[in-house]
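The values are calculated or read from the model by the stated rules, or taken from the named source; none is laboratory data. Everything numeric in this text was worked out from a predicted model, so none of it was measured. Cβ sites come from the backbone with ideal geometry, for glycine too, and all protein chains shown count toward neighbours. All accessible areas refer to the heavy atoms of the entire protein, side chains included, with ligands and DNA or RNA removed. Shrake-Rupley method; radii C 1.70, N 1.55, O 1.52, S 1.80 Å.
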Amino acid sequence: LDGHARLAAAIAAVGAVPAIQLAHSGRKGSRLPAWDTAPAVPGWEALAPSAEAFGGYATPRAMSEAEIEAVLAATVAAGARAAYALVELHAAHGYLLHQFLSPLSNRRADGWGGGFDGRTRIVREAMGRLRAALPAEVALGVRLSHTDWVEGGWTTEETVELARRLKPDADFVDVTSGGLDARQQIPIGPGYQLPGAEAVRRGAEIPVMAVGLITEPAQAE
């Protein structure tokens, strides 16, 4: 923590904005190198909303409600310890919170799964608790994959609705896409994620960050 504090102070001292991203890998954790066929120390048991594996990763264990609450508490504690000028909750790219959002990875039948309200609950809870724990002057945002690029997965329309519901707690939404399912078919090209960012900005009327092969100054402008 002392090292983080010194780094943040150094960043702020030169006029930049120190920021931190909070994430949990979920079922994408504990990945052993492909060449390590007989590891002396095995990987840890990964946790996820459901016992649904990603690609060639090991099958995770479905989280209990107590473990979900523990992750929420740890997220808030991490945010409070790192209350820089900007805090971003990572709920994209197939990591744990995105795994809860998508029906492709969340097969739960309790209050943390099922329909839209259940699947988005952990993100809404995390953002509400973080906003309450952070100083008012600290910007708080969330990174969302606006689509899984897989039939039956998380959609742009759902992202817009979630962004609307997060507005009381979120200062911005960082709009990206994909990363949840190896079957994804992404139309890669310059600015390929901008339509999703625009949909969220217009549909939820919230500031967005846009990413995705924005490589030229004129294009960025």
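The figures follow:
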| item | result |
| --- | --- |
| Residue match in the stretch 33-53 (condition: touching a residue at least 12 places away in the same chain (Cβ under 8 Å) and on the phi > 0 side of the Ramachandran plot) | no |
| Breaking point among (1) open to solvent by less than 60 Å² (accessible area, probe 1.4 Å); (2) more than 28 Å from T120 (Cβ to Cβ), for G15 | (1) |
| E125 vs. criteria assigned to a helix (DSSP H, G or I), farther than 25 Å from S177 by Cβ and not small (G, A, S) | no |
| Residue that is most open to solvent (accessible area, probe 1.4 Å) [pool: residues in the stretch 103-138 that are touching a Pro at 6+ places or on another chain (Cβ under 9 Å) and within 25 Å of I186 (Cα to Cα)] | R107 |
| Residue that is touching a Pro at 6+ places or on another chain (Cβ under 7 Å) and among the aliphatic types (A, V, I, L, M), where the choices are A12, A78 | A12 |
| Residue that is most open to solvent (accessible area, probe 1.4 Å), among those in the stretch 143-202 that are of a type in the set (D, E, K, R) and assigned to a helix (DSSP H, G or I) | R202 |
| G94 modelled with pLDDT of 95 or more and either closer than 30 Å to R6 by Cβ or open to solvent by 10 Å² or more (accessible area, probe 1.4 Å) (or both) | no |
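For every residue, the table says whether it meets (1) open to solvent by 30 Å² or more (accessible area, probe 1.4 Å); (2) part of a loop (DSSP other than H, G, I, E, B); (3) among the small types (G, A, S).
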position: S50; (1), (2), (3): no, yes, yes
position: G55; (1), (2), (3): yes, yes, yes
position: A58; (1), (2), (3): yes, yes, yes
position: V71; (1), (2), (3): no, no, no
position: A74; (1), (2), (3): yes, no, yes
position: G79; (1), (2), (3): no, no, yes
position: Y84; (1), (2), (3): yes, yes, no
position: E88; (1), (2), (3): no, no, no
